[in-house]
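Read-outs throughout are calculated quantities, based only on the coordinates presented, and are distinct from any laboratory measurement. For clarity, every value in this text was computed on a predicted model and none was experimentally measured.
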Amino acid sequence: MELKNTSGQEGGLQISTAVIEKVAKIAALEVDGVKDVSVGSTGVKGVFAKTNLPKSVEVNMYDGVADITVHIIAKYGYKLPAMCREIQQAVKAGIQNMTNITVSKVNIVVAGVEAVEEE
């Protein structure tokens, strides 16, 4: 877990990448058409594997600038390119407004689509 450090006359501020991940997840979930922020189904083998499970939101910091990757599950029937652009804008604005950390890019990975249930 990296920390974003800033110093000033009043003291220091550290923002954990876990906080940035949480802000990105909340911002993405607020976009219409997003069912969940998740890497999708890993299956039984993936759950019991000794390898690290992939994160639904990844934050990489380079010289104080964030590079974000968000994995989503989309609701069926939504136009994915338009929805993904809206997620990118929401995530970038949310992180920059709350943390004052510059976001260089927001990558969206559509990991799945919600199945339509028949009534």
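Could you give the alpha-carbon Rg of segment 55-119 over 2.2 N^0.38 Å, rounded to two decimals?
Rounded to two decimals, the normalised Rg is 1.29.
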Cα centroid separation, segment 9-33 to segment 87-117 (Å)
11 Å
